[in-house]
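Engineer: Have a look at the structure that comes next, please.
Derivation of every value follows stated rules applied to the coordinates shown; laboratory data play no part. Every value quoted in this text rests on a predicted model; they were computed, and no experiment measured them. Heads up, the Cβs are rebuilt from the backbone with ideal geometry, glycines too, and the neighbour counts pull from every protein chain shown.
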Amino acid sequence: MADEALEAAAAFPPNPRSGPHKHHRIRDLRARVLGGSAIMLLSSVFVGGLNLIYNFAVAHELGAGNFGHASVVYTMLMLLSAVTLSFQLVCSKFVARTDSDEERAAIYHLLHRRAWMCSAAVGLLLFAADPVITRYLNLPSNIFVRTLAVTAVFYIPLGVRRGLFQGTLNFPPLAGNFACEALVKLVGAVVLMSAGYGVEGVVVAMGASVIVAYFIAIPRKHPSVPGAQATLSAGVGEGVQALSFFVGQVIINNLDIILVKHFFDPAQAGVYAAVALVGRVVYMLSWSIVSSMFPLAAGIRNGEKGGRTVVSTALLMVIVISAVFTFCAWLAPSDLWRMLLGKGFPIEGHRFYSSLLVLYAVTTAIYALGVVLMTYEISRKIGNVSWVQLGFSAAIVIGIYLFHSTLKEVILVQLVLMTVLLLVVAIPFARNAGPSEGGLTSPLTALTGTLTRTRRVDENEVIAEFLKGEFYQSEFRRYRDTFTDLVTNPDFTNQRDNSLRRALLYRRRGRLWRELPADTEWWEVEMTPADVMRTRVFPRNQWLRYGAPSFLLTETVERIRTRILSNSRDPFIVKLRSLSIEMAQKQQEYDSVILISINDATPLTIIEGNHRMTAAALVSPDTLPTRFRFLCGLSPHMSECCWYQTDVASLWRYAKNTVAYYARDRRKLIDEILQGANKEES
């Protein structure tokens, strides 16, 4: 069976440094991806080859029914690998970030203790759930789940030991550990089957391979130091992200076998297990590419070149691997399957196994491409793409429960959902990819400029300015008589007034404001013509038609000017034309425009004042830097805000916050406003 524990073999070499020339940098990154992938690919091919021999040897000896029993137990172990791989990822990340042997040892010991605590709890839970699991999976004996419980106790701490090898770039023992596990499993299964122990012997050999792998992975001893707890406490978000990602991954890769075992007879379940475990070789080989891409992508700082090179190279290699494997599966004759699987497997027609395998391989290949994009995003930041994948894994479970009349239908459910997942995670990359080598980021990174901060501004003042620009909207009609003075003449020393202004703004713009990072700092800034060139309009509503794809203010203004000259009757264009005429007749006024950005040099996005800025640019673009008062919110986490950067993670965050806003905040805010109105009137 395909050893998916190999999926965790992701290297973490030192951060790549920028070379003296752009092209040298790109060639170096591409070479490192190809070189690292070659090492991981060779290891994957060796272990994958052993596992293919193992799969066919066990299938040939046991027949379809018993092979299904053995496969489903191993698949349950792979479900537990979500915990194992999470410990491995966190351990390798933290170990790779420090040059101190003592601190590395402290990190290892701390995680190792936690892994043992977790594995003990999992083992006890499996023992307690033994009757339920045995009955659900139609297993002939409770020895299978009990053996799995003992195996799990060693399997989770094994992830920490492998993570230490990985984080210290100690690849020979890491590769040897994977090879040893596969070899013990193969030899043990053959010996025990020959001795007459059948499927029970295969399951015992599986457990023995994990236990042996654990004991040969003992690292060198180092003294521990205090402070490891503090080092790890900063990585809780990364640990949660890793766990959610691997849970989704193992469900997508393994739960189909368990569900088929539940819904189909033992022979059909065995057929599906054989096809799935062979087809999953595509994913195992693809993961070796992801393993070499991940550390390189993680080492590229924001704004550095090379992200696009890394991810495009990885995608190309996955496509080549998937295409070659799928083509070979398509060419495989029916007699080959009869020879490899033996007489214990049913023959249901010409090319039955090849057709299922090709369909399964295509499904796995599509998912592997999605994983490349998701792991790239994970390498760059802590986001919500892991939760998106987890949502699709749940959809697969629901889909198979609804549609499982044939084995082909089970695979088609996964094919459709994996295609949708790939499209979802690919949309932001396709939209943001520019012609430069700056990675999958906006071409705005090529525009230069540096804001001049004049004074720090309290958030209450920004909210007041935002509300002034919004108070004419129809949502505030019923509140104008009561709160006009509170809005137009704010007293920032009055906390009750500040709370009311916030509640009023949230009445219309709560979904916008709550997306801003909690650590946003507000500054009054001075703009230069260069700053205007890197300013973007709000990427929503009517602005989508005239701002996409870059949303640059200057480009948007030119598109709108063209529509005005063509006498467009679009209400949006008519409104901007009227506003521009009005602004041309105005004397100098310092209305406030509110912007957001990551820092002084990154692109700016207008969140309040889009119409006024555009109308003023239509009249006199040269006067923009001096015509308005500019307030700018700066945060290193602003890329997580969908108004600043739209991707899967920021949209998922926005969706969750929107639900919370309508379910809880909106009613609460309206009540607060009404209470304030009653006090004003009294």
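Engineer: Given a Förster distance of 22 angstrom, what is the FRET efficiency for Tyr472 paired with Phe492, based on the Cβ-Cβ distance and rounded to 0.05?
Structural biologist: The value I calculate is 0.50.
Engineer: Tell me whether region 528-623 comes out rounded, prolate or oblate; compute the Cα gyration tensor, take square roots of the eigenvalues as a ≥ b ≥ c, and use a/c under 1.5 as the rounded threshold.
Structural biologist: Note, shape of region 528-623 comes out oblate.
Engineer: After finding the eigenvalues of the alpha carbon gyration tensor for region 449-502, what semi-axes result from the square roots of 5 times each, listed largest first in whole Å?
Structural biologist: 24, 15, 8
Engineer: Continuing with the same structure: What does the highest-first list of 140-150, 360-370, 67-77, 196-206 look like by mean Cβ count within 10 Å?
Structural biologist: The most tightly packed comes first, giving 67-77, 360-370, 196-206, 140-150.
Engineer: Could you tell me the distance between the Cα centroids of region 509-584 and region 603-647, to the nearest Å?
Structural biologist: Cα centroid to Cα centroid, the span is 7 Å.
Engineer: Continuing with this model, one more query. Could you tally the net charge around Thr363, taking each other residue with its Cβ under 11 Å from the Cβ of Thr363, Lys/Arg +1 and Asp/Glu -1?
Structural biologist: Around Thr363, the charge tally is 0.
Engineer: Which residues' amide hydrogens lie under 5 Å from the amide hydrogen of Val457, considering only partners 5 or more residues apart or on another chain, with H built in the peptide plane?
Structural biologist: HN-HN under 5 Å from Val457: Trp522, Trp523, Glu524.
Engineer: How much length is gained if the chain between Glu582 and Leu412 is pulled fully straight, taking 0.36 nm per residue apart and subtracting their Cα-Cα distance, in nm to one decimal?
Structural biologist: So the chain would gain 55.3 nm between Glu582 and Leu412.
Engineer: Ranked highest first by the average count of other Cβ atoms within 10 Å around their residues, in what order do 401-410, 607-616 fall?
Structural biologist: Packing proxy ranking, top to bottom: 607-616, 401-410.
Engineer: While we're on this one: Can you list the residues of region 402-425 with backbone N under 16 Å from a point 7 Å past the Cα of Leu544, pointing along Cα to Cβ?
Structural biologist: Flagged as within label range: 424.
Engineer: Computed over the Cα atoms, what is the radius of gyration of region 71-227 divided by 2.2 N^0.38 Å, N being its residue count?
Structural biologist: Normalised Cα radius of gyration, region 71-227: 1.12.
Engineer: Continuing with this model, one more query. Considering only C-alpha atoms, what is the centroid distance from region 473-503 to region 86-133, in Å?
Structural biologist: Answer, in whole Å: 53.
Engineer: Sort 248-255, 109-116, 53-60 for me by packing, meaning the mean count of neighbouring Cβ atoms within 10 Å per residue, highest on top.
Structural biologist: Descending packing order for the listed peptides: 248-255, 53-60, 109-116.
Engineer: Let me ask something else about it. Quick one: give the max-minus-min coordinate of the C-alpha atoms of region 93-155 along each principal axis, largest first, in Å.
Structural biologist: Computed over the Cα atoms, the extents are 52, 16, 14 Å.
Engineer: Taking just the alpha-carbon atoms of region 448-552, what radius of gyration and Dmax come out, in angstrom?
Structural biologist: Final numbers for Rg and Dmax: 16.0, 46 Å.
Engineer: So which of Lys575/Lys656; Lys468/Lys575; Lys261/Lys408 end up more than 25 Å apart, counting from Cα to Cα?
Structural biologist: Lys575/Lys656
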